[in-house]
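What follows is a short report on a single structure.
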Amino acid sequence: MVKKARLLIQVWDEPWQLKDKGQIRAYYQSPLAGENHYSMVITSTNNKAVDNIGIELMQEVPFLNKVLALAEIHGDKAETEEDWDVGYAFENDLEEDSSMTTEHEDRGHSTSAMDLQKEGVFCARLGNMTNKTAFVAQKLEGTIKGLQHADVAYLQNVDLRNEFVASLSLLEEIHRQIDVFQEQLQVCLERGDLGDQREVLAALAECKNEMERTGNNLNHLMFNQGKYAQHKQEKEAEITKLQEFIRQLKLDLARGEEERRQAYRDKELFGRWTAFRHRLLFFLPARRRFFKDNPTLAYIQEVRIEPLNQELQSLQGQLQQSEDLLLSCDVELSTIVSHLYTINHELQNLIALRTGLEQRWHNLMLLQERESDLKSTLCREESLTTSSYYDLANAPVIVQLRRKLFEQALAVNEQYVIKYRAEIVHNLNQVGESPQQWFKSFYSENGKRLDQYESGIRAIWESFFLCFPVATTTLHSFSEKLFQPLRGLIDTLFVDEAGQIMPHYLCAPLYRSRKAVIVGDPEQLEPVRPFTQNLIEESDVQKELHDRICVLKNSVQEYADRGSEFYEFMGTKKKGIILTEHRRCEASIMRFSNFHVYHNMLVLKQEDDSNKLFGANMVALDIRGVKEMSFHHNYSEIAACKKVVDLLIGRYGNHAVQDIGIITPFSSQAEQLKKSIAGVDIGTVHTFQGKEKRFILFSSVIDGVHSKSKGLSYVIGSKPNLLNVAFSRAKEQFIWVGNIEAGLESGNYIEKAIHMIQTHGAIYSLYNEDYENPKYADNRQEAYTVYEDKHELSGVDDRFIESMNELLHANVLLNPRKHHALMLKAMEYCRSSLGIVSPWVNSNVMDEAFFSLLRVALEREVDVKVRFGYSSSKLTLQEIDKIVDRDNYSFRNKEAIKGALQRLYDELDTNLVYMPPLHTKVLLVDDSLLFIGSHNWLSNPGRLLREEISYLITNKQTIEYVKKKFEL
């Protein structure tokens, strides 16, 4: 509706064009050219689901209510330009008496004419003839009359558009803030800026500390870098000076060595010249100078050569020392350079770290700024960094704004309809005055003129959906008589309960739609398939595709799940978008479905509340009655359901009757329940799909003794679907009414369901105390009242009735002594029959008094039958010794028991039957009085201290079941 309102604002002042003027099919075309944007049809094969949606939409979404009110209050007054004051006065009345918002505080309390129109026209309930007739008469005609009314002009309000635009801009700005916050959050998460805790302030503090440490480290390294750089400079200067000194030493050495060589040459020359003296030669200038400089050999040696040797030796020592020092300086310089390289590398790392920290600081500060802005916008105080996009986008502020925007969008849509009411009324009149005249002007036999009429049909449907934004119809009514077979006629097809729909049912509706929303659960009820012929076997479809395509094995939802671009996996199954939050049922009630159906993917939001009838929110009552031979009726379960309903009403009040639902797999049982229990919503599990109640009673019908019991168990529990639906209808309490033993013996999902109740709820059974949890012992008395019935005592000896009443307290028999006394009285006064079921036998009970009473009863031709046996075995009554050894292995009086049992066999013959394993303890008197409970009638003589309890049952169906079950 919001997108539609925005689209209408874009074309607000563009005129509508009259097409086919002068013809019976003349129509107005809007600037949207019949595209029918944002129209929606909701459909399903589930009639109630579609009806409920349609009714709720009309009740909860007010749309054109004031227009309908005009038709109701002022009749057919024509639209004029007169009486403006009256018009404004009427508009004020509408503001007081009618509502164009979604507030319905007094809905359902009719106090004025306006209250009759609290239902608007947001949804057109089409489909079956009843809905269609009511729609045309009440909504379509009412809308046309209201739009034609003179006072409708005063409903126009130009400010509504501006308010809508302002709200839309605000919402878009909030979403922009969410987007930039999420974008920055993602940057911080990907870079690791935020840390695992996602605390911005903590991350900023950590970043600040790291930046300070890094700065200190940088300063320290830069100081060392300067120091080592100075050392390097000094060492390099020292090396240069040494190198120059060494160079000079080497020059001095070369000069000295040359002088020494010259001195030796002069010494040699002096000797030669003095050895061969020639007086005249001494007068040569060069020789005279020579002798002058070198007067004697000693002089040459002592004055010239020896000083030079000393000097050269000194220079050589200085050279060696300088070269050693230079080598040492080179090593020191290398060390200094290495230190400088390390420092520079560390500096680069620290600078990079500082840059990263500065970037982190920037990112976190930006995140903090955006979070602060968003927190202010969303009115949130807690941190947003751990919130998902979904949580942020659905914050209460946004939800409220969306609601406001939706209400404003409704108003904008209303304003557009009112603005172009003349054109829209013209088009609506083409829809028809009755269902029989639906689009009569555009009737095309077999679609021959559909192409010719297409533009007009689309234009009229567009006007229709402007006034009735949503339409509902079942798929069975989704025919060409209702929606012409035009491609993309509808914008969105919404399919509900798609898990119940055969795939091919949706072909024609999908052709008429541009997009579809498929909603359903294939794990609930499967489609009702009206045929069994597997046509795919005769087709050319590849064998490996048969299971995926075959309509006998699939539903619409399964097709959609596999074909959708948006999907999740449940186990190995590809599903659509799974709605994992379950809010309807209390947690324990959904545990069966969650575990056996949904792979524990559901998040159960409702906490358990055990403060209920019978002490738990999930209860099973072990009700055993015989199913009718030819019909799926179980009257014992019906009687039990009626008592449970009475107990619920007694606990919660008469108004609770509307909160109770009774469901059963079988329509025959549902019909019988409806006849017996008035005012309660009763139906099959199939008819309850899509519904819910505070309290759900489930009647299983199966009795465990009927020849078709296994088949009925298969129908109910071969798959978890039916039980999934049954459990998930109950919001606060689920009560199973049926034969627990038969359910546990089913070997299918019925057994699993009962085990789930046993684990997370309470089972109450008069037939097998092992089923019960001692935790609920205090609630037994309340639960066992379900077994009570009116006593039909005709045919029972009055003396026994008198004795029974003395021993009973409110239909309950307590302590072993009273049990034993009652059995002896039954043996004394029974008239026609006596049945005893006792897992154990003991000679302490079967004594002389017992056999004396038994003999007298048999002489009265009483049909006495005894059933016994505890431990499972294949022994026979020809092996009484082994039976006693097996069942009474810890008894000290085994020999006496063997004798008593043999004597009982001799008295009863075939009426004594060994049928282990038995857990039920029964005393049946004259087929009229059934005592059932925890007392072993033939093994407890009444002297044991342990507590025993039995209940009196006179229900005929229950007695009939016990007789059949134990062959009494």
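No lab work stands behind these numbers, since they all come straight from the coordinates. The model shown is predicted, which means the values in this text are computed figures rather than measured ones. No Cβ is skipped: glycine too gets one built from the backbone with ideal geometry, and neighbour counts run over all protein chains shown.
Where only DSSP H runs of four or more residues are counted, the chain gives -16000 deg cm²/dmol as its mean residue ellipticity at 222 nm, each run worth -39500 (n - 2.57). Taking the Cα centre of the chain as reference, the dipole from Cβ charges on Lys and Arg (+1) and Asp and Glu (-1) amounts to some 3640 debye. Just to confirm a number: summing +1 for Lys and Arg and -1 for Asp and Glu over residues other than PHE406 whose beta-carbon lies under 12 angstrom from that of PHE406, what do you get? For residues surrounding PHE406, the net value is +3. What the phi angles of the range 951-967 give under the Karplus curve with 6.51, -1.76 and 1.60, with θ = phi - 60°, is a coupling list of 10, 8, 10, 10, 5, 5, 5, 5, 4, 4, 4, 4, 4, 5, 4, 10, 6 Hz, glycine and proline written as x.
A simple spin-label model places pseudo-atoms 7 Å from Cα toward Cβ; at VAL528 and LEU170 they are separated by 5.0 nm. Within the shell defined by Cβ-Cβ distances under 13 Å, the residues around PHE966 carry a net charge of +3, with Lys and Arg each +1 and Asp and Glu each -1.
In terms of its Cα atoms, the range 465-603 spans 47, 47, 29 Å along the principal axes, sorted from long to short. Taking Cβ atoms as reference points and 14 Å as the exclusive limit, the residues near GLY835 contribute a net charge of +2, counting Lys and Arg as +1 and Asp and Glu as -1.
For ASP789, the residues 5 or more places off, or on other chains, whose built amide H falls under 5 Å of its own are THR954.
A dipole drawn for the range 798-841 from +1 and -1 charges on Cβ atoms has a positive end, and of MET804, LEU824, TRP840 the residue lying farthest that way is TRP840. Look at the dipole of the chain built from charges on Cβ: of LEU930, PHE966, ASN363, the Cα furthest out on the positive end belongs to ASN363. Its Cα gyration tensor gives the range 201-375 an equivalent ellipsoid. The semi-axes, each the square root of 5 times an eigenvalue, are 79, 12, 8 Å from largest down. Bridgeable lysines around LYS241 (alpha carbons under 25 Å apart, same-chain partners fewer than 8 residues away excluded): LYS227, LYS232, LYS250. Computed on the Cα trace of the range 798-966, the radius of gyration divided by the Kirkwood hydrodynamic radius gives Rg/Rh = 0.94.
Convex hull volume of the Cα atoms of the range 751-857, normalised per residue: 149 Å³. What is the calculated FRET efficiency for LYS874 to SER718, with r their C-beta to C-beta distance and R₀ = 30 Å, to the nearest 0.05? Using R0 = 30 Å, I get an efficiency of 0.45. Across the cross-link table entries LYS691/LYS965; LYS139/LYS674; LYS139/LYS440; LYS710/LYS882; LYS19/LYS481, which are compared at the Cα atoms, the separations over 30 Å belong to LYS691/LYS965; LYS139/LYS674; LYS710/LYS882. With 18 Å as the limit, write out which pairs from LYS419/LYS515; LYS3/LYS515; LYS553/LYS719 have Cα-Cα distances beyond it, or answer none. Over 18 Å apart, Cα to Cα: LYS419/LYS515. The stretch between LYS3 and GLU433 holds 151.7 nm of extra length on full extension. This uses 0.36 nm per residue minus the Cα-Cα distance.
Let's test the formula: R0 of 51 Å, r as the Cβ-Cβ distance of ALA275 and GLU332. What FRET efficiency results, to the nearest 0.05? That gives a FRET efficiency of 0.30.
To the nearest 0.05, what FRET efficiency results for ASN893 and LYS790 with a Förster distance of 25 Å applied to their C-beta separation? The formula returns an efficiency of 0.05 here. If you take the Cα centroid of the range 938-968 and the Cα centroid of the range 196-228, the two points sit 85 Å apart. For the range 713-738, the residues whose amide N sits under 20 Å from a probe point set 7 Å from the Cα of ASP609 along the beta carbon direction are 727-736. Annotation: Cα Rg of the chain relative to the compact-globule expectation 2.2 N^0.38 Å equals 1.72. Given +1 at the Cβ of Lys and Arg, -1 at the Cβ of Asp and Glu and no other charges, the dipole of the range 201-375 around its Cα centre is 1540 debye to the nearest 20. Put +1 on the Cβ of every Lys and Arg and -1 on every Asp and Glu Cβ in the chain; which of SER668, GLN957, HIS596 then has its Cα farthest towards the positive end of the dipole? Of the candidates, HIS596 comes out farthest on the positive side. Simple point charges give the picture: +1 on the Cβ of Lys and Arg, -1 on the Cβ of Asp and Glu, and for the range 33-76 a dipole about the Cα centre of about 80 debye.
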